[in-house]
Structures are given as C-alpha cells and as structure tokens.
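Colleague: Right, I'll just put the structure down here and ask away after.
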Amino acid sequence: MMFLITLLSAFVLCGSQYSSDQCNWRGSGLMHESHARDVEQVYLRCAEGSLEWLYPTGAIIVNLRPNLQSRPGGYLHACIKPRADSQGASLYVERAGELRPLLSEAEQAAGRVRCFSLQEGALFVESSALQDISKRITAFQYQLISTETPEDELYLPTAACRPCTDQEVLMALCTSDFAVRGSIQSVEEEHDEDRASAVVSLSHVYRQKSHLFVSGGGGRGRGRWTGRVKIPQQCGPQAGQGEFLFTGAVRFGEAWLECAPHYNDFIKLYQSALDSGTNPCHIDTD
C-alpha cells in the first residue's frame, strides 16, 4: 500500500488493446516489466463491457467515461463483477491519491459484486506482490447504473427488504426490467454469503428484459414460467409465502429484486389507481 500513492504521479500509456467500440479492454502486464512502478491509464466509454489483464504487474487506472447521464439529482454508479478465475490483483476506488478497498482477491474468488459512485473517483487495479505471475489473469465485467441513491452497495439494497411505497410499486410496474406474478418455490444459498437465489414459478409475465424467465407454454404472457431472482440474504427469503408481484433490475444478465408486494395488495392498489386515473401505465390483470 505504501507505494500506491507514488504510483499515481507516473502515468505511462503502454500496450493497450481496445475493441472498436471502446467498451472492452485487454492488456498484458508484461508491458510493465521494464517500468513496473508506472500506472497505465485505461479509458472505457460504454455503459457496460469488460476488462482482461493478463499477467498483472504494476497497476492500471480504469476511467469510465460513458455516454450515459445520471437522472436529474441522481447518481451514476459502476458495478464490478469478477470473472470466476480472476486473480492476481486487488481493486480500489481512487481519488486524488486516496485509495478505498473495493474487491480483494478473496472477494473476487467468492464472486462478490461491488459498486461505487463515479463521483468517488476511478477504478484502481493493483497487481499482487508475487514473483510468479504466470497463469494469472485479472478479469471482470462492469455495468453502469443510474440511481437516485448514493448507496454504494446496490447489490444489497435495503429497499428489497422493506415494503415499497404505493408510488414506488406503481412506477416499478412500468419502468422495471421485469414485472412478473408468481411465488417462490425454493431458495438456494450462493457462494457469496450476501445473496440468495430464489427459484420462482410464475403465472404471468407482464414485462421482462433479456429473456430472464422461460415459458413452458401459454400465450400473452400466461402459462407456466420459471426463473431465478437474486434476493439479499438479509431479507430472509423463504418459499411458500404466497403470490407476489416481483419487480426489479437486470444486472449482468441476472434478475435482482427491488419491489415485491403480495399480489393481492398490489391488485387493490392498482385498481384504486385505475379508478382515480393515477396509474402511470396499464396492464392486463385478467
């Protein structure tokens, strides 16, 4: 850690390989062998992509400069999901020479997903102090998310554990990446102790992104659908608690829960909004 601050004063560009859309970066730490104390600057300009650093040596700073605006008064976050075999470096958030730990090697191996606000700074990737760097690759996906909260732990949302307000439920129905009706069949723990995977059985899919839920037959969103929803362990997810309206966001191709009222409570709320003309969007509830 002592030499990290001095690293920030020496920026050298070397050996960068960008995709044509500048969403992904692939480089080699072997380019650092003659100047291992230098820091390479990497610029990525998409809302999502990946980084792969072979034989990590020294350090790199990843500057995320996307063509994506946060909501008015909102925050733009970057979420990092390590690849299963990622090793050889630790991740920090850097600003003005100050470093905050984001993902250690052990946390990467455990599949932890971590987020930080771009207002905090850039992503600093520092190689481990190892003599043998062979077969080591530091690799992860990134995704940028615009939110109304400054919370870093977007993957542990307290909102998923509390009842959403009526307005939040109605807006979630219209704007979430998925809105489905169904029940929890089983809950499976994951290697990441912070989260669980709920296997859901659905009777209706109102909206979904990226084909998260698979149909077993039926039309117009009906029939038997199945899928998985990620839920924070702190919420205590359990099977057999009745029927819900599940809504949430897609993160790295996975469904993450946000608002989940009991379906009977939701239908009363929706009907009341429909009668008063305050429903922000329309769905078929038959």
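Colleague: Would you tally the net charge around Asn264, using a Cβ to Cβ cut-off of less than 13 Å, leaving Asn264 out, and scoring K and R as +1, D and E as -1?
Modeller: Charge balance in the 13 Å sphere: 0.
Colleague: Here's a follow-up. Tell me which lysines have Cα within less than 25 Å of Lys135's Cα, excluding those fewer than 8 residues away on the same chain?
Modeller: Lys81
Colleague: Once the other residues with Cβ under 10 Å from the Cβ of Tyr206 are scored (Lys, Arg +1; Asp, Glu -1), what is the net sum?
Modeller: Numbers: positive: Arg181, Arg207; negative: Asp284.
After counting each charged neighbour, the total is +1.
Colleague: Can you compute 3J(HN,Hα) from phi for each residue in region 39-50, using the Karplus curve 6.51 cos²θ - 1.76 cosθ + 1.60 with θ = phi - 60°, rounded to whole Hz and x for Gly and Pro?
Modeller: Using θ = phi - 60°, the values come out as 10, 8, 9, 10, 10, 10, 10, 10, 6, 7, x, 8 Hz.
Taken together, the values in this text are just the output of simple stated rules run on the coordinates, not laboratory data. As the structure is a prediction and not an experimental result, all values here were calculated from the model. As a convention, Cβ positions derive from the backbone with ideal geometry for all residues, glycine included, and neighbour counts pool all protein chains shown.
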